[in-house]
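To start, the structure under review is shown below, and the notes come after it.
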Amino acid sequence: MTGHDAMVAAARPDGAGPPAWGADEVCVVYGKTVALDCVTVAALPGQVTAVVGGDGAGKSTLLRCLAGALTPDSGTVRRPVKERSGYFPASSGIYPDLTVAENLDFRARGYGISRQVARQRAAEYLDRAGLARASGRLAGQLSGGMRQKLAVIAAMLHHPDLIVLDEPTTGVDPVSRSGLWWLIARAAAEGCAIVLATTYLDEAERCASVLVLDSGTVLASGTAEKIVAAMPGSLRAVAARPEGEPAARSWRRAGTWRGWDPDSGRLDAGPAGRHVITPDLQDAVTVAALAATPGGAA
Amino acid sequence: MWAMIVKEFRQVRRDRRTLAMMIVLPVLLLVVLGYAASFDVKTITVAAAGPQAHAVAGSLRAPFDVTRTASGRGRSWAQNQLRDGKAEMAIVTGATRPLVLIDGSQLFSAKAALAALAQMERRGASQPGGLAVTPTVTVLYNPGLTTSDIMIPGLCGVVLVFVGTIITSLGVVRERQTGTLEQLAVMPLRPRDVYLGKIVPYFLVAIVDLAIVLSVGIAIFGVPFRGSPAVFGLGALLFLFVTLGIGVLISSVSQNQGQAIQLAVMTLLPQVLLSGLIFPLTSIAAGVRWIAYFLPLTYFNQISRGVMLRAEPITSLWQPFVFLALLGVIVVTGATLRFRSYLAPAAREHGARKPAPAAQGA
């Protein structure tokens, strides 16, 4: 089936309410590499959906499909018309040789926002993001965090129905991350559907839904709680890295080793010296990746 | 140091375009320029008018080559032959002293013609046209045989190539390099708007540059502007379309500004050397000369020199105009198509194209 976009309002899966954007069974192939293998994701108005996964998982490819920068080889993408979409590409899409104000002015003109409205919105966003005093600075001279905030503001300046953000917080200091999340949460509160890629699972945990990708395939999806609850086997803390075959199913986190036992139940008592741990999203994602590895769930 | 050397070699090996420039280009340039680099004029085309025109045609020897005769016509016809570029020298017979007109805008041909006439006189050979008296020689269009008079009209073209091709290619490829191209692709902008939006500023800059070069040439170097500004402007517009199109084409096949510069230089160099700007086209070996006819600067040179120095009307310049328009249609169509696919990754074929490098991190 040839991939295509459906840029019309689509009904929500539950058959009511505002339209849901997203992708259905989307596949993308680059030469011999399968970048996305039948991936489905939904983006609901007023909610933030996180796409997580390691390097080469297919996050950017999925987001490019959602933003309309890439047509999938098969599957359907449901997104608003270009005027109602906002996109923050991996490269941030900001002109380094334009000032903050000029970047926003270009974006506003491109989306057909009146000058007065654009100025009003830009001033408000810049003020809230702590960039008001930097409006005359070249974007190329901004710090990484400031540039990311500018790019997020540019993506939402025209109040789109769907905002696609490709790792907006990667490499950003905690204070700037908090500022970025304020912008994102506000857009969602105003009814915008947001899909963002992130490598920070603590960020994903606070999103309404999470899609876990690995090598182009979906490892898990749903709310963070649902993904954690669905984790097979049990997780135990161990003093040192186990020897032999269990070593492949253990990882170091916060100064201790964690081992995943795919065969035991969540509440089974483990061998002496091992403590059962209540997993969080980071553990569940790691386990999902291990389980997907050949021999990982032996 | 060894580590640096190894690293450099690895980088150069992967940058095939630079490698090609370093190895192939010098050889290619040497061969092409070896054949092209010649100021020697072996043939001077002559038009003969007046009652003894046919006698002149029969008696003149090399380097003169009488290509047109009109026994019933006079000076006006002969001068038009020079103005329209149909001959480099004209002889008007019928008066007591024959009149030799030489086209000074063809600098090297004019100098060669004067030298050949002087040599004939010294040798005591028959006078041109078999006349018994020394002819009156008049150099038209560039009486002082000034180099700047013929170079500045051509340099106008070089300025347009510089802005049109080099600067435009850099400006467009910068979008790719900074990763903003993908942003443009998802914005509600038509490819045509982006295309025109990218080239119009350079178009205007090029026109301002052209006006400056022309003003400086006229004011400081005293270069005449004898023809119609409208004809010159039309030629410049057509030429600019081609050069801007080449700039966009270059940017669409370049991944970064370095590659764009390399390619732009590769297109600029042959234009400067083979278009007739420096070496007369007739002096370039035929095996290499054909390249000149694919270069837009060749035609712009003919238009700018024709209009500025000889006041050539558009009717006699139709050939360079037509060829320039033809090149323009081909280049601009190619550039538009390339730009459209460059800007619209959504229109890719199944798995045929990788994403833009700036957004490859999946």
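The values are calculated or read from the model by the stated rules, or taken from the named source; none is laboratory data. As the structure is a computational prediction, the values presented were derived from the model and not from experiment. Cβ placement follows ideal geometry from the backbone for every residue including glycine, while neighbour counts extend to all protein chains displayed.
Restricting to segment B:316-332, name every residue that is at pLDDT below 90 and either surrounded by fewer than 19 Cβ atoms within 10 Å (Cβ to Cβ) or within 14 Å of chain A (Cβ to nearest Cβ) (or both).
B:Ser316
Identify the single condition in (1) within 13 Å of chain A (Cβ to nearest Cβ); (2) surrounded by fewer than 18 Cβ atoms within 10 Å (Cβ to Cβ); (3) in a helix (DSSP H, G or I) that B:Ser148 does not satisfy, given that it satisfies every other one.
(1)
Counting residues that are farther than 24 Å from B:Leu317 by Cβ and not assigned by TED's automatic domain parsing to the domain that holds B:Thr136, which helices (runs of 4 or more DSSP H) fully inside segment B:1-92 reach at least 3? It would help to see each step written out before you state the result.
Details: elements: B:2-14, B:16-36, B:53-59, B:75-83.
Filter on segment B:1-92 gives B:2-14, B:16-36.
From A:Glu203, A:Glu225, A:Glu243, which residue is among the acidic types (Asp, Glu) and farther than 13 Å from A:Gln282 by Cα? Can you show your working first?
On the way: A:Glu203 fails: farther than 13 Å from A:Gln282 by Cα; A:Glu225 fails: farther than 13 Å from A:Gln282 by Cα.
The match here is A:Glu243.
Given A:Val164, A:Val195, A:Val172, which one is part of a loop (DSSP other than H, G, I, E, B) and closer than 29 Å to A:Asp283 by Cβ?
After applying the criteria, what remains is A:Val172.
Answer with yes or no whether B:Val66 is at pLDDT 80 or above and of a type in the set (A, V, I, L, M).
In short, yes.
Table: residues versus (1) in contact with an Asp or Glu (Cβ under 6 Å, 6 or more places away or on another chain); (2) at pLDDT below 90; (3) among the aliphatic types (A, V, I, L, M); (4) surrounded by fewer than 24 Cβ atoms within 10 Å (Cβ to Cβ).
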| site | (1), (2), (3), (4) |
| --- | --- |
| B:Ala219 | no, no, yes, yes |
| B:Val248 | no, yes, yes, no |
| B:Gln255 | no, yes, no, yes |
| B:Ser283 | yes, yes, no, yes |
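Does segment A:244-263 contain any residue that is among the β-branched types (Val, Ile, Thr) and outside the structural domain of A:Gly53 (by TED's automatic domain parsing)?
Checking segment A:244-263: at least one residue is among the β-branched types (Val, Ile, Thr) and outside the structural domain of A:Gly53 (by TED's automatic domain parsing).
Each row is one residue, and each column tells you yes or no for (1) exposed (fewer than 14 other Cβ atoms within 10 Å of the Cβ); (2) modelled with pLDDT under 95; (3) not in a strand (DSSP E or B).
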position	(1), (2), (3)
A:Thr2	yes, yes, yes
A:Pro19	no, yes, yes
A:Val28	no, yes, no
A:Val34	no, yes, no
A:Ala42	no, yes, no
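Yes/no matrix, rows are residues, columns are (1) at pLDDT 95 or above; (2) within 14 Å of another protein chain (Cβ to nearest Cβ):
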{"site": "A:Asp97", "(1), (2)": "no, yes"}
{"site": "A:Gln116", "(1), (2)": "no, no"}
{"site": "A:Leu131", "(1), (2)": "no, no"}
{"site": "A:Ser135", "(1), (2)": "no, no"}
{"site": "A:Ile194", "(1), (2)": "yes, no"}
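Might you let me know whether segment B:160-176 holds any residue that is of a type outside the set (Phe, Trp, Tyr), under 30 Å from A:Ser60 (Cα atoms) and not in a helix (DSSP H, G or I)?
For segment B:160-176, residues of a type outside the set (Phe, Trp, Tyr), under 30 Å from A:Ser60 (Cα atoms) and not in a helix (DSSP H, G or I): absent.
Given the criterion within 14 Å of chain B (Cβ to nearest Cβ) and touching a residue at least 60 places away in the same chain (Cβ under 8 Å), identify the matching residue among A:Gly46, A:Gly31, A:Gly53, A:Gly112.
Values: A:Gly46 fails: within 14 Å of chain B (Cβ to nearest Cβ); A:Gly31 fails: touching a residue at least 60 places away in the same chain (Cβ under 8 Å); A:Gly112 fails: touching a residue at least 60 places away in the same chain (Cβ under 8 Å).
Selected residue: A:Gly53, the only one of A:Gly46, A:Gly31, A:Gly53, A:Gly112 that is within 14 Å of chain B (Cβ to nearest Cβ) and touching a residue at least 60 places away in the same chain (Cβ under 8 Å).
Spot the failing condition for B:Gly50; the list is (1) within 22 Å of B:Leu145 (Cα to Cα); (2) touching a helix residue (DSSP H, G or I) at 6+ places or on another chain (Cβ under 9 Å), and only one is missed.
With respect to (1) within 22 Å of B:Leu145 (Cα to Cα); (2) touching a helix residue (DSSP H, G or I) at 6+ places or on another chain (Cβ under 9 Å), B:Gly50 is out only on (1).
Do we have any residue at all in segment A:239-248 that's part of a loop (DSSP other than H, G, I, E, B), away from chain B (no Cβ under 14 Å) and modelled with pLDDT of 85 or more?
No, because not a single residue in segment A:239-248 is part of a loop (DSSP other than H, G, I, E, B), away from chain B (no Cβ under 14 Å) and modelled with pLDDT of 85 or more.
Can you name every residue in segment A:58-88 that is facing chain B (nearest Cβ under 7 Å) and part of a helix (DSSP H, G or I)?
Within segment A:58-88, A:Lys59, A:Ser60, A:Thr61, A:Arg64, A:Ala67, A:Lys82, A:Glu83 meet the criteria.
Please state which one of B:Leu204, B:Leu170 is within 25 Å of B:Leu297 (Cα to Cα), within 30 Å of the chain's Cα centre (by Cα) and more than 14 Å from every other protein chain (Cβ to nearest Cβ).
That would be B:Leu204, the only listed residue that is within 25 Å of B:Leu297 (Cα to Cα), within 30 Å of the chain's Cα centre (by Cα) and more than 14 Å from every other protein chain (Cβ to nearest Cβ).
Only one of these conditions is not met by A:Thr99: (1) of a type in the set (Val, Ile, Thr); (2) in contact with a helix residue (DSSP H, G or I) (Cβ under 6 Å, 6 or more places away or on another chain); (3) within 30 Å of A:Ser135 (Cβ to Cβ). Which number is it?
Of (1) of a type in the set (Val, Ile, Thr); (2) in contact with a helix residue (DSSP H, G or I) (Cβ under 6 Å, 6 or more places away or on another chain); (3) within 30 Å of A:Ser135 (Cβ to Cβ), only one is false for A:Thr99: (2).
Inside segment B:179-211, can you point out the residues that are acidic (Asp, Glu) and surrounded by fewer than 17 Cβ atoms within 10 Å (Cβ to Cβ)?
Within segment B:179-211, just B:Asp193 meets the criteria.
So, in segment A:196-218, of the ones that are surrounded by 18 or more Cβ atoms within 10 Å (Cβ to Cβ) and within 30 Å of A:Ala123 (Cβ to Cβ), which residue ends up farthest from the other protein chains (Cβ to nearest Cβ)?
A:Cys207
Name the residues in segment A:34-43 that are away from every other protein chain (no Cβ under 14 Å) and aliphatic (A, V, I, L, M), would you?
Residues satisfying the conditions are A:Val41, A:Ala42, A:Ala43.
Going by what's in this entry, would B:Leu160 be described as within 14 Å of chain A (Cβ to nearest Cβ), closer than 18 Å to B:Gln271 by Cβ and in contact with a helix residue (DSSP H, G or I) (Cβ under 8 Å, 6 or more places away or on another chain)?
Details: within 14 Å of chain A (Cβ to nearest Cβ): no; closer than 18 Å to B:Gln271 by Cβ: yes; in contact with a helix residue (DSSP H, G or I) (Cβ under 8 Å, 6 or more places away or on another chain): yes.
No: the conditions fail for B:Leu160.
Please work out if B:Gly179 is within 13 Å of chain A (Cβ to nearest Cβ) and in a helix (DSSP H, G or I). Working first, answer last.
Numbers: within 13 Å of chain A (Cβ to nearest Cβ): yes; in a helix (DSSP H, G or I): no.
So B:Gly179 fails the test.
Please enumerate the residues belonging to segment B:36-62 that are closer than 14 Å to B:Ser283 by Cβ and surrounded by fewer than 18 Cβ atoms within 10 Å (Cβ to Cβ).
Answer for segment B:36-62, where residues must be closer than 14 Å to B:Ser283 by Cβ and surrounded by fewer than 18 Cβ atoms within 10 Å (Cβ to Cβ): B:Ala37, B:Ser38, B:Phe39, B:Asp40, B:Lys42, B:Thr43.
Any chance you could count how many residues in segment B:64-82 are crowded, with 18+ Cβ neighbours inside 10 Å, closer than 27 Å to B:Gln119 by Cβ and not aromatic (Phe, Trp, Tyr)?
Qualifying residue count, segment B:64-82: 7.
With the checklist (1) touching a Pro at 6+ places or on another chain (Cβ under 9 Å); (2) within 11 Å of chain B (Cβ to nearest Cβ); (3) not aliphatic (A, V, I, L, M) in hand, flag the one item A:Ser91 doesn't pass.
Evaluating A:Ser91 over (1) touching a Pro at 6+ places or on another chain (Cβ under 9 Å); (2) within 11 Å of chain B (Cβ to nearest Cβ); (3) not aliphatic (A, V, I, L, M) leaves (1) as the failure.
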